[in-house]
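**Student:** Quick one: this structure, given as structure tokens, is what I'll be asking you about.
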Amino acid sequence: MNILLTGGAGYIGSHIAVELLHAGHHVIVVDNLCNADAKSLRRVAEITNCEPLFFQTDIRNEAYLRQIFAANRIEACIHCAGLKAVGESTQKPLEYYDNNIGGTLTLLKIMHKYNCKNLVFSSSATVYGAADTLPITEATPKKPCTNPYGWTKSMIEQILIDIQHAAPEWNIILLRYFNPIGAHPSGKIGENPNGTPNNLMPYITQVAVGKRPQLNVYGNDYATPDGTGIRDYIHVVDLAKGHLKALEALSRNCGLQIYNLSTGNGYSVLDIVKTFERVNGIAVPYKIEPRRPGDIAACYASADKAARELGWRAELGLDDMCRDAWNWQKSNPDGF
Ligand code: NAD
Ligand code: UD1
């Protein structure tokens with residue numbers, strides 16, 4: 001299939017590109033490189049021996065998108081492009097709404113114009129907010145979001161639901177990612193955050209490589225077994241493979257579907273630190289700090305619906321995630 005992959009130079013997008021190319025798809029990447037390095041796509045080519053087609057443009061550039069659709073018979077879109085820094089979104093809400101929602105609307109208009117009505121959207125666990133019961137399932141009610149980034153995901157979901165409702169020939173899958181970590185086992189692509197990492201695993205790997213003195217563990221007084229926050233971490237390669245399964249479902253005319261991409265397992269911050277130290281034989285010094293504002297105690301989700309309907313389950317465990325995250329970081333201490 002000819003697949004348009006927005007945000008394909010980024011962390012998750014580059015891993016999706018690898019899986020798509022391995023499966024024999026033609027991949028057309030659109031990325032404005034606002035949070036990525038084009039070298040990631042060169043690395044994708046090294047891993048797969050196939051070159052994705054790359055257009056450096058903003059997805060809000062309607063004229064450019066139109067040219068891309070006119071020149072390539074695009075059959076489906078995987079839409080990962082977006083801004084994703086929660087803290088920054090509270091400082092620059094307009095930028096987030098414009099980029100994420102504006103970009104999606106432009107993409108949808110052009111898809112409609114070129115009669116491409118198959119879409120997989122990168123949504124997030126953030127749309128569940130602080131769920132009342134765990135594990136989260138797709139039937140768990142969405143709660144109000146706590147930041148503009150989260151609202152962009154929640155609002156885009158609603159836009160897509162409304163579009164598919166009005167025009168049932170659209171096939172749209174909302175994939176709600178839990179906490180993607182790790183890297184391709186080759187060590188050639190991985191997460192490459194700008195500045196100080198906000199998320200746990202890139203912070204740990206930067207401590208391990210000596211860029212930062214210690215990890216700050218935000219809170220050890222949560223109502224969890226060791227007091228630190230629990231999350232559902234998923235290997236980015238498993239996550240990427242979920243998109244292949246979603247594409248197959250689009251081809252079966254699935255209509256509108258929502259799936260959690262998670263493992264069902266919750267691990268605490270200290271579980272991650274200890275596993276990372278054990279698997280990689282490297283110390284991660286840490287200090288307990290106050291809770292991070294806006295954090296929840298625990299979040300993990302059932303992926304049974306994806307297993308049942310897509311035939312997808314995460315296959316890699318926490319040891320793999322820690323090993324591959326470190327392999328990427330130590331082979332690329334300064335990123336790409
Ligand atoms: P990323 O920043 O590495 O990738 C996003 C890519 O989109 C980047 O390459 C960026 O340059 C590009 N981009 C942003 N705005 C664009 C625009 N207007 N036009 C063209 N390109 C644009 O982030 P990621 O971690 O790979 O996340 C991919 C998607 O998954 C995002 O939509 C993100 O919100 C979502 N998501 C990520 C996580 C996570 O923890 N990483 C969790 C849930 C959902
Ligand atoms: C992040 C996103 C959220 C998204 C979710 C799943 C942020 C702020 N939030 O949150 O929008 O829905 O991933 O993709 O980016 N921690 C530390 N020290 C650190 C960093 C984190 O102790 O330096 C702890 C946190 O308190 C939390 C856990 O590690 O308990 C995971 O944090 P993080 O990686 O930021 O993920 P989420 O909090 O789930």
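**Student:** Test Glu51 against the criterion of being more than 11 Å from ligand 1 (Cβ to nearest atom), within 20 Å of the chain's Cα centre (by Cα) and either more than 26 Å from Ser251 (Cβ to Cβ) or surrounded by fewer than 17 Cβ atoms within 10 Å (Cβ to Cβ) (or both), and give yes or no.
**Tutor:** no
**Student:** How many residues, within region 227-247, are more than 21 Å from Lys153 (Cα to Cα) and either in contact with a Cys (Cβ under 9 Å, 6 or more places away or on another chain) or modelled with pLDDT under 95 (or both)?
**Tutor:** Final tally of qualifying residues: 2.
**Student:** Could you grab me the full set of residues in region 138-154 that are open to solvent by less than 80 Å² (accessible area, probe 1.4 Å) and either under 18 Å from the mean Cα position of the chain (by Cα) or of a type outside the set (Ser, Thr, Tyr) (or both)?
**Tutor:** Matches in region 138-154: Glu138, Lys142, Lys143, Cys145, Asn147, Pro148, Tyr149, Gly150, Thr152, Lys153, Ser154.
**Student:** Sort through Glu248, Glu315 and tell me the only one that's over 15 Å from Arg231 (Cβ atoms) and part of a helix (DSSP H, G or I).
**Tutor:** Being over 15 Å from Arg231 (Cβ atoms) and part of a helix (DSSP H, G or I) holds for just one of Glu248, Glu315, which is Glu248.
**Student:** Next up: Return the residues of region 302-336 that are at pLDDT below 95 and either closer than 16 Å to Thr137 by Cβ or open to solvent by 70 Å² or more (accessible area, probe 1.4 Å) (or both); say none if nothing qualifies.
**Tutor:** Asp334
**Student:** Here's a follow-up. Please verify whether region 270-291 includes one or more residues that are closer than 18 Å to Asp319 by Cβ, touching a helix residue (DSSP H, G or I) at 6+ places or on another chain (Cβ under 6 Å), open to solvent by 30 Å² or more (accessible area, probe 1.4 Å) and not in a loop (DSSP other than H, G, I, E, B).
**Tutor:** Within region 270-291 (the criterion being closer than 18 Å to Asp319 by Cβ, touching a helix residue (DSSP H, G or I) at 6+ places or on another chain (Cβ under 6 Å), open to solvent by 30 Å² or more (accessible area, probe 1.4 Å) and not in a loop (DSSP other than H, G, I, E, B)), the answer is yes, since at least one residue qualifies.
**Student:** Can you report the number of residues in region 213-240 which are of a type in the set (Asp, Glu) and under 30 Å from Thr6 (Cα atoms)?
**Tutor:** 2
**Student:** Only one residue in Ala70, Ala36 is away from ligand 1 (no atom under 12 Å from the Cβ), modelled with pLDDT of 95 or more, open to solvent by 20 Å² or more (accessible area, probe 1.4 Å) and not charged (D, E, K, R), so which one is that?
**Tutor:** Ala70
**Student:** May I pose another question? List pairs: first in region 26-38 and within 16 Å of ligand 2 (Cβ to nearest atom), second at pLDDT 95 or above, Cβ under 8 Å, 6+ apart or cross-chain?
**Tutor:** Note: pairs meeting the criteria are Asn35/Gly10; Asn35/Leu83; Asn35/Lys84.
**Student:** For residues that are away from ligand 2 (no atom under 16 Å from the Cβ) and among the small types (Gly, Ala, Ser), scanning just region 167-210, find the one that is least open to solvent (accessible area, probe 1.4 Å).
**Tutor:** Among residues in region 167-210 that are away from ligand 2 (no atom under 16 Å from the Cβ) and among the small types (Gly, Ala, Ser), the one least open to solvent (accessible area, probe 1.4 Å) is Gly187.
**Student:** Which of the following residues is in contact with a Cys (Cβ under 8 Å, 6 or more places away or on another chain) and not hydroxyl-bearing (Ser, Thr, Tyr): Ile12, Ile28?
**Tutor:** Criteria check complete, one pass: Ile12.
**Student:** How many residues does region 1-24 contain that are open to solvent by 20 Å² or more (accessible area, probe 1.4 Å), under 17 Å from Glu248 (Cβ atoms) and either without any contact (Cβ under 8 Å) to a residue 40 or more places away in the chain or near ligand 1 (Cβ under 8 Å from one of its atoms) (or both)?
**Tutor:** Residues meeting the conditions: 2.
The values are calculated or read from the model by the stated rules, or taken from the named source; none is laboratory data. Here the structure is a predicted model, which is why all the values come from computation and not from measurement. Backbone-built Cβ (ideal geometry, glycine too); neighbour counts: all protein chains shown. To get the accessible areas, we keep the full protein, side chains included, count just its heavy atoms, and leave off ligands, DNA and RNA. Shrake-Rupley method; radii C 1.70, N 1.55, O 1.52, S 1.80 Å.
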